[in-house]
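Let me begin by presenting the structure, written as structure tokens, before commenting on it.
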Amino acid sequence: MEEKIEQQKELSYEIIESSKDSYVGEPLSAVIGLGEQKKVLVSAINWFKKYETFRSKGVDLPRGFLLYGEPGNGKTLLIKEVIKCSEAPVFVFKGNASACDIPSDLESMFQKVKEVGHAVVIIDELDLLISSDNRVARILQDNLDGVNSHKDMLVICATNNIDEIPEALRRNGRLEKVMRIMPPTGNECVLFLKKSFNDLGVKLPDDFRDEDFAAALDGVSCASIKAIVNETILKNGFGRITSDMIYDSIFAITNGAIDDKTPDIYENAVHEAGHALVAKAFDKYFRIGRLVIHSSEGYMSVSQIDRGYWPHDKMIADIKISMAGLLAEKLIFKKGGMGCDNDMQWAYKRAALAVNRVGYLSCANTLPDIPRYMRVRNETEARRSRNEAEIEKLLRKCERNVCRYLKSNKKLLIEIADELFAKKNLKSFEVNAIIDRGNGVRRAALLMK
């Protein structure tokens, strides 16, 4: 794509003029997943291209779009694709509080947009701009639907923190189309991984199994997948790569730096084996990925069968899987390791959600990170105590079930741990093969009581 970029030396935006012939292929096709969000944006772009036709018939087009979600999941890539296929001048605002007067530059940019006429406006990290100067929100409001607002423009903003964007800015006529950019599913991660390797001319290994990598990558951001591909190439070159090389990169990127001088410990193998054994019993809801122990750490990747669907029984299953690692260690070693804290905190949060069904309600003191909108206004000390008693009751019941299940399958638990400790990593099909040889599945009913 040929682009002409006019740099503004003293201001904080740039203008990108795209040729009508600059985009080849289906719009936004480079973005994997996000089907509904892409449909909305493609429709908006197509309408925008026919602005004069709609205006002549008295039809008002949606002009404000807000993309939000965790960093690294595709907001920037979506915006880049919009720029490519917009067929109009694009104003990209890059406010920097330390280098410019943000409100003044924002006003200046919108004035330039009015002079140009038909244009697209891109504003990234909107939450940071608003927090740096409260005049930013007012300027956006005035330019989107104020008395002298410009109609022939498309404004697309992005933010990592939707809570920092005022409600007044999100109503109809302003940033009216609010779209959450979700983390990719495991299958979408695999597609992105394959595309990234293919773009670099690297052939995937023959033993590459989509389902195993889907479980290992579930919940990993797009940015992290790109980092995994780069890590694999940098360590192993552009020649023949193996699945284990990719798995090692997944662990390195998603788990951070590991001190290789720390010895491997068998407790980690038992811990991850406990998670896997219980997760297998709930294969209606979850799919086991890879088990790994690396120096003093370990992890089990697991993916949801039906992502986003969370009936009560699935919440209970999640609680039991979370606490299984600690309970496996206690069964074998009569103690739990320091790494169990996160698992138990997750189990507690899930139990709170399962008890309340509509939020954590009275757990505000024990779980300070609960969003304010999920709390109950008429909360009392008595209600809080009853609520926490119900949560503890549920956790104790889950613990008894998991302990009974692990005890009845102790031999199988040790077999998985031994195999994991010997190999340091087990793929999905290897874990399932060990469990299927044993009697874990037949005794899964113990976990349901």
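Rule-based calculations on the coordinates, nothing more; no lab input. Just so it is clear, the model here is predicted, and its values are computed rather than measured. All Cβ positions, glycine included, derive from the backbone under ideal geometry; neighbour counts span all protein chains shown.
Simple spin-label model, 7 Å along Cα-to-Cβ: Lys334 to Arg138 in nm?
Inter-label distance under the simple model: 7.0 nm.
Please list, short to long, the whole-number percent of alpha-carbon pairs of segment 186-255 in consecutive 10 angstrom bins beginning at zero.
22, 65, 13
Arrange the peptides 281-293, 79-91 so that the one whose residues have, on average, the most other Cβ atoms within 10 Å appears first.
Per-residue Cβ counts within 10 Å, averaged per peptide and sorted highest first, yield 281-293, 79-91.
For the peptides 161-174, 30-43, what is the packing order when you average, over each peptide's residues, the other Cβ atoms within 10 Å and list the highest mean first?
Values: 161-174: 14.6, 30-43: 17.3.
The most tightly packed comes first, giving 30-43, 161-174.
Calculate the FRET efficiency for Ser104 and Lys80 from the Cβ-Cβ distance with a Förster distance of 41 Å, rounded to the nearest 0.05.
Between Ser104 and Lys80 the formula returns 0.90.
As a footprinting exposure proxy, order Phe251, Phe238 by other Cβ within 10 Å, with the fewest listed first.
Arranged by neighbour count, lowest to highest, Phe251, Phe238 become Phe238, Phe251.
Among Met245, Met153, rank each residue by its count of other Cβ atoms within 10 Å, from fewest to most, as a rough exposure measure.
Met245, Met153
Could you tell me whether segment 3-180 comes out rounded, prolate or oblate from its Cα gyration tensor? Rule is a ≥ b ≥ c as square roots of the eigenvalues, rounded for a/c under 1.5, then prolate if a/b exceeds b/c, otherwise oblate. Numbers along the way, then the final one.
Values: a/c = 1.25, a/b = 1.18, b/c = 1.06.
The shape class here is rounded.
Quote the FRET efficiency, to the nearest 0.05, computed for Asn148 versus Arg180 with a Förster distance R0 of 41 Å and r equal to the Cβ-Cβ distance.
With a Förster radius of 41 Å, E is 0.80.
Based on C-alpha coordinates, I'd like the Rg and Dmax of segment 104-207, in Å.
Computed over the Cα atoms of segment 104-207, radius of gyration and Dmax are 19.0, 63 Å.
Arrange the following residues from fewest to most other Cβ atoms within 10 Å of their Cβ: His275, His312.
Fewest-to-most Cβ neighbours within 10 Å comes out as His312, His275.
Any chance you could check the Cα centroid distance between segment 153-200 and segment 267-308 for me, in angstrom?
If we compute the Cα centre of each part, the gap is 29 Å.
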